[in-house]
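In what follows, a structure is listed as structure tokens, so that the remarks can point back to it.
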Amino acid sequence: MSQPTTLFDKIWDNHTVKVIENGPTVLYIDRHYIHEVTSPVAFLGLEKRGLNVVNPQKTTATPDHNIPTQNQHLSIQDALSRNQVLMLMKNCKNHNIPLYGLNHKWQGIVHVIGPELGLTQPGMTIVCGDSHTSTHGAFGCVAFGIGTSEVEMVLATQCIMQLKPKKMRIKIDGVLSKGVTAKDIALYIISQISTSGGTGHFIEYAGSAIEGLTMEGRMTLCNMSIESGARGGLIAPDQTTFDYLMKREFCPQNQKWLDAIAKWAMLKTDEDAIFDKEYLFHARDIEPMITFGTNPGMGTGVTGHIPLTASLAEGERITYEKSLQYMGFNEGDKLQGKSIDYVFVGSCTNGRIEDLREFSHFIKGKKKAENINAWIVPGSKQVEAQAQEEGLLAILEAAGFELRQPGCSACLAMNDDKIPAGKYAVSTSNRNFEGRQGPGARTLLASPLVAAACAISGKITDPREYLN
Amino acid sequence: MPIEKFIKIQSSAVPLDIENIDTDQIIPARFLKAVERKGFGDNLFRDWRFEKSNKPIKGFPLNDTKYKGQILVGGKNFGSGSSREHAAWALYDYGFKVIVSSFFADIFKGNALNNGLLPVQVTSEELNEIFEAINRLSQATFTVDLVEQTFTIDASNKVIDFEINSYKKECLLNGYDDIDYLLSLKKEIKIFEAT
């Protein structure tokens, strides 16, 4: 009998073209996503070497990072952003790469549209010049972010060179409490293992609480894998995965579909397979979470207090104090009740239809607080259309919110959606780094439900107060 | 683009004793709008280095004339966050050839190596010794020898061994890049695709 192996190993080994002795693996890539920001220099590199894209149909392009979320039918005002989007169009045209450009019905954040179109399928290797490529691991893929040199490698050869990461399994058993979502699981894990706890590893998420998540929830969780430092995170595909993918645009159909799911159902970690590191957490210990500092590991239950500096290891205190100073918080502060200024719902972490549903259902019949500026940004054109069809748009508008147009938006503030310096934003995105949402902006990461409660009350609020 | 060869350097260092320096700090997203690889060094650590008015922020080590050199020494978990290769480009373009830390984020490490920027990982105790050496004498020099895989604190002659993957070491020593290598595997990749 062969050695029991992990799901990660099975996919990785299945895509190994060659292993260099004491060196990296030459890994074959099934699906490559590109966007306007990290691809231009890669195409320039190809040009300099006189190379073509070896397999254009295995790459899919969409602009998302720098585009405006209002008036997308007009020319992009910012000249540099416009130029990047035009370059993407030109490069895709020159190399026959499928592009879903601005105003295309399939345009959106690259990690939202890939799964939505069924381009992301179980067992694949997937890369993109974006660290949140880990999102696609939700489908049982080995998916991870790469740099621009590596984008060039994939374009030129459909392969990259990677050192094989170690394997980690994080099990969450039990049932999530009311008001606790996949985002809270992600923030909880990172608060426990830190933003470098996953470094050097690829995570498999397992356990009953994970199996109970929807595909949207699984994508949120896998998306945040990189925030623990991990290369990626994946979840074994199951009926939930197949139900999500069935009849999606680029998925196999009819007999081919049946063949595919028979194959995908085999993608599992063998019993007794060995991981380099394992964690077990209990769903009951997870509260709705919020961050208070300048990395995603600085999070706590929304009812919690900011830890005292003295509770940290001596070497970590200077960085911790600097972080609290940036946030304008004091050690020991209670988070609940702190006034906030902005609410951002969107991004590849929480910009999918289920996120908009959760937010909309929560605020239905209530009113946005006067002091809150809210930016609700769908992850894709399809999410936008569905939100309208399901009546979410009407609910949002009745409560004083507006729905913007799809893009990465205030998650990284490359467009005009910048949180002003010193202002507090409760954000469903993935990073609370200094200046991430605009120079001087102060970000508090949370789930769409926590964001909804904060948007209604104008301050940090536990959504469970409203749920009973 | 072939990378510049790295064999051995001796240089003073710039200390940045902060943990979790993420790539958004190294180069904020709003400076990622170029379509060519040049000039990123101007915006390296932009928001830590300059005020909104572009006035240099006093006290930030890169603005402090007593520190200079081709080595940047950073706190634990250097380069976390975004995969932007622009972070490696900015550090390199500014003039750094070596980054020293007690822990590097994976994607940053790969990006650095792909650009001829050498990440030297040391223990946290060794990192403290390096910071102390700079504290004692801001122009303290260090010798980084890739062939021997050693980082030497010249003042005390303390030699620190560091790890680097042997393939990556060869690439740096010879200025090879991965694309050249992958292109040489064209046939094997074709065979793999067919099976």
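Coordinate-derived values only; no laboratory data. Predicted, not measured: the structure shown is a model, and the values here were computed from it. Counting neighbours? That spans all protein chains shown, and the Cβs are built from the backbone with ideal geometry, glycine included.
When you count the other C-beta atoms within 10 angstrom of each residue and take the mean per peptide, B:2-8, A:435-441 line up highest first as A:435-441, B:2-8. Taken about its Cα centre, region B:115-166 carries a charge dipole of roughly 180 debye when the Cβ of each Lys and Arg holds +1 and the Cβ of each Asp and Glu holds -1. In plain terms, the residue of A:LEU187, A:LEU44 with the fewest other Cβ atoms within 10 Å comes first and the most crowded comes last, giving A:LEU44, A:LEU187. In the structure shown, the pairs B:LYS38/B:LYS97; B:LYS66/B:LYS158; A:LYS322/A:LYS459; A:LYS418/B:LYS33; A:LYS93/A:LYS247 are assessed against 21 Å; a Cα-Cα span above that value is assigned to B:LYS66/B:LYS158; A:LYS322/A:LYS459; A:LYS93/A:LYS247. Within the listed set B:LYS76, B:LYS38, B:LYS109, the residue fluctuating most in the Gaussian network model of chain B (springs between alpha-carbon atoms under 10 angstrom) is B:LYS38.
The mean sequence distance of close C-alpha pairs (under 8 Å, at least 6 residues apart), as a share of the length of region A:1-72, puts its relative contact order at 28 percent. The lysines within cross-link reach of A:LYS268, meaning a Cα-to-Cα straight distance under 22 Å and a gap of 8 or more places when in the same chain, are A:LYS10, A:LYS164, A:LYS166, A:LYS167, A:LYS171, A:LYS256, A:LYS277. Sorting the segments A:171-178, B:88-95 by their mean number of nearby beta carbons within 10 angstrom, highest to lowest, gives B:88-95, A:171-178. Rounded to the nearest 20 debye, the dipole magnitude of the protein assembly as shown is 1300 debye, with +1 charges on Lys and Arg beta carbons, -1 on Asp and Glu beta carbons, and the Cα centre as origin. The value of relative contact order for chain A, using C-alpha pairs under 8 Å at least six residues apart, is 17 percent. For region A:194-205, 3J(HN,Hα) computed residue by residue from phi via the Karplus equation (6.51, -1.76, 1.60; θ = phi - 60°) reads 6, 6, 10, x, x, 4, x, 10, 10, 9, 10, 8 Hz, glycine and proline entered as x.
The mean number of partner chain beta-carbon atoms within 10 angstrom of a residue's beta-carbon across peptide A:40-46 is 4. Anisotropy class assigned to region A:157-225 is prolate, per the alpha carbon gyration tensor with a/c at or over the 1.5 cut-off and a/b larger than b/c. Mind running the shape call on the protein assembly as shown? Use the C-alpha gyration tensor, a ≥ b ≥ c as the square roots of the eigenvalues: rounded below 1.5 for a/c, prolate if a/b tops b/c, oblate otherwise. Taking the square roots of the gyration eigenvalues as a ≥ b ≥ c, the protein assembly as shown is rounded. Put simply, the amide H of B:VAL73, placed in the peptide plane, has neighbours under 5 Å in B:VAL14, B:LEU16, B:VAL100, leaving out anything fewer than 5 places away on its chain.
Of all DSSP bridge pairs formed entirely within the protein assembly as shown, close to 35 percent run antiparallel.
Only helical runs count toward this figure. For chain A, summing -39,500 (n - 2.57) over DSSP H runs of n ≥ 4 and dividing by all residues gives -9000 deg cm²/dmol at 222 nm. Shape verdict for chain B, please, from the Cα gyration tensor: rounded (a/c under 1.5), prolate (a/b greater than b/c) or oblate. Taking the square roots of the gyration eigenvalues as a ≥ b ≥ c, chain B is oblate. With K and R counted +1 and D and E -1, the other residues having a Cβ less than 15 Å from that of A:GLY174 yield a net charge of -2. Per residue of A:73-82, other chain Cβ atoms within 10 Å of the residue Cβ number 1 on average. Considering only alpha-carbon pairs that sit under 8 angstrom and 6 or more positions apart, the relative contact order computed for region A:320-419 is 29 percent. Among A:ASP13, A:ASP417, B:ASP47, the ranking by other beta carbons within 10 Å of each residue's beta carbon, starting with the fewest, stands as A:ASP13, B:ASP47, A:ASP417.
List the lysines whose alpha-carbon lies under 16 Å from that of A:LYS381, not counting same-chain residues fewer than 8 positions away? Straight-distance partners of A:LYS381: A:LYS105. Taking other residues whose beta carbon is less than 13 angstrom from the beta carbon of A:GLN386, and scoring Lys, Arg as +1 and Asp, Glu as -1, yields -3. Local charge for A:ILE29 was computed over the other residues whose Cβ lies under 10 Å away, with Lys and Arg +1 and Asp and Glu -1, and equals 0.
Calculated mean residue ellipticity, 222 nm, chain B: -8500 deg cm²/dmol, from DSSP H runs (n ≥ 4) at -39500 (n - 2.57) each, averaged per residue and rounded to 500. Rounded to the nearest 20 debye, the dipole magnitude of region B:1-95 is 220 debye, with +1 charges on Lys and Arg beta carbons, -1 on Asp and Glu beta carbons, and the Cα centre as origin.
Ranking A:LEU99, A:HIS132, A:ILE109 by how far each Cα lies toward the positive end of the dipole of region A:81-166 (charges on Cβ) leaves A:LEU99 at the top.
Scanning chain A for long hydrophobic helices, with DSSP H runs required to stretch 18 angstrom or more by C-alpha along their axis and to average at least -1.0 on the Kyte-Doolittle scale, returns A:79-95.
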